[in-house]
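Single-structure report; data block below.
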Amino acid sequence: MRVLRDRAETIAADNERTAALVKQATKSGEPALRVWTPHQHVAFGRRDARTEGYDRARRYAERHGYPAIEREVGGRAVAFTGSTIAVVHAMPDADRTAIQSRYERASDRLRDALTSLGVDAREGEPDRSFCPGTHSLQAGGKLAGLAQRVHQSVALTSAVVLVRDHDAVAEVLGPVYDELGVPFDPDTVGSVARAGGPTDPERVCDALVDAFSA
């Protein structure tokens with residue numbers, strides 16, 4: 001498995017680096033893993049882009065130091081603070097019908113990583129969480145979410161893990177979700193640190209690499 005850890009110089013270059021990793025995995029037939037801390041920004045989903053308040057939500061995020069981008073994978077808006085971790089796991093020649101089993105494996109790996117850090121996470125999320133979905137982990141609030149996208153010859157499973165800065169995430173997403181018309185309770189935002197784990201993103205990255213490459 002090829003493993004990539006570094007952050008590119010810009011958000012656009014970061015996206016290009018992930019795309020290149022996926023392309024290489026498809027070409028070589030070998031799985032690839034990227035675990036890193038993206039630049040500070042808010043990533044909006046496709047549903048967000050179709051809402052009436054989308055432009056206002058983008059402007060609010062950008063005025064408060066969070067450049068706005070649109071992403072292909074995932075649901076509603078997610079805020080990255082610079083310490084938030086992103087995971088992309090590319091599996092070539094994947095069975096297109098095995099979506100649920102891939103979610104289950106990824107969730108197990110996330111829980112294994114968090115357990116090794118002293119965080120007892122469980123599946124699910126509180127009501128009115130950020131980026132609401134059926135594949136999340138919580139421990140004193142939602143601290144991780146999973147998404148999946150299947151291409152013709154590769155399956156991508158991605159995850160977002162909040163290490164710390166849960167207050168900052170709640171602060172920026174509150175007005176953003178108001179503009180999007182999405183119910184949101186800032187108190188539902190969790191993090192590894194809030195659940196009693198470490199505050200160092202690199203330590204959490206190490207645990208995630210170990211779990212996903214096992």
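Just so you know, all these numbers are worked out from the coordinates, no wet-lab data involved. This is a predicted model, so every value here is computed, not measured. Don't worry about glycine lacking a Cβ; one is built from the backbone with ideal geometry, like all the others, and counts go over all protein chains shown.
Would you mind calculating the relative contact order of segment 24-125 from Cα pairs under 8 angstrom and at least 6 residues apart, reporting the percent as a whole number? Working shown, then result.
On the way: 119 pairs, mean separation 36.1, N = 102.
That works out to 35 percent.
Summarising the label geometry, the points placed 7 Å from Cα in the beta-carbon direction at residue 20 and residue 134 lie 3.7 nm from one another. Contact order, relative form, for segment 2-213: 23 percent (alpha carbon pairs under 8 Å, 6 or more residues apart, mean separation divided by residue count). Ignoring the sites themselves, the chain has its longest run without GluC sites (Glu not before Pro) in a DSSP loop having at most 16 other Cβ atoms within 10 Å at 73-214. Among 1, 91, a tally of other beta-carbon atoms within 10 Å of each Cβ gives an order, fewest to most, of 1, 91.
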